[in-house]
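Asker: One structure, pasted below without further comment.
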Amino acid sequence: MKKLVLVLVCTILMTVFLAFNYLLWDKKQNTESLKTLEYSNENKDATIDALGRQIKNLEDSARDLESRVNVLEGSNSELQKEKDELIKKQAEYEKLLKEKSDIIDVLKSQMDLKPLETAVRHWVQGIDEGQYDISYKLEAEHFKENGDILSQAEYADRYKKIINSIKLKSIKLQAQESGNEAANGRIALEAELEVGLAQGAGESEYSEGVNKRFFEMTFDKAKNLWLISGISA
């Protein structure tokens, strides 16, 4: 009988001990789960806060871009108006230039060309006879206007090296339809020059034989003379 009681007591104690251990283990597991849940909630809150800040920044950027677009649209409208005004003015200027060019063409057809031809003949004669000072003076004003630093000595040396002889074969008023810029509302003469190159001239703006040149002319009121303001091929 005593043995039976002892066995029952031991069994009860073992059961209580196991139950107590289970409760301790379950409490530990619940505590860890709560900590994990709290950590997870903290991470979620941090993520939500970060996303909230990003959304706010994007909204601010969107408002800023919208404001800039509105400003640019306003500026574009003003620029378009200015462009339209400039196009209108350009058309008016082109019309005036055309009218002036037509008037000059009429004057060309009615004017006495001998004084202009004389200036070109003197230029050719000066180069041909080595009297470079005559030719230089006829072009000097042109050099000043274009900022060319070319002395009379340099001018003479330039032509000595390339031209041995030069003769005027023909000269006439340049036709408007020639396509040369000098004829665009300006007085210009078209000349044919018979050129003999100097020995060892090499490559130059002139070639052996007949060369066509356009002499753009300008009138010097102070000197009461026609001068050469440009020579082109």
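Throughout, read-outs are computed from the coordinates displayed, never taken from laboratory work. Please read these numbers as outputs of a predicted model, since none were measured by experiment. For neighbour counting, all protein chains shown are included, and Cβ atoms are generated from backbone atoms with ideal geometry for every residue, glycine included.
Asker: Testing the spin-label approximation: label points 7 Å from Cα along Cα→Cβ at R63 and D112. State their distance in nm.
Answerer: My value for the distance between the label points is 8.3 nm.
Asker: Using the beta-carbon distance between V210 and Q80 and R0 = 45 Å, what value does 1/(1 + (r/R0)^6) give for FRET efficiency, to the nearest 0.05?
Answerer: FRET efficiency, V210 to Q80: 0.25.
Asker: If the limit is 18 Å between Cα atoms, which of K172/K212; K137/K223; K167/K212; K167/K223; K114/K160 go over it?
Answerer: The answer is K167/K223; K114/K160.
Asker: Quick check on the exposure proxy: order S77, S207 from fewest to most C-beta atoms within 10 angstrom.
Answerer: Ranked by crowding around the Cβ, least crowded first: S77, S207.
Asker: Taking R0 as 30 Å, what's the FRET efficiency between A233 and E94 from their Cβ-Cβ distance, rounded to 0.05?
Answerer: 0.65
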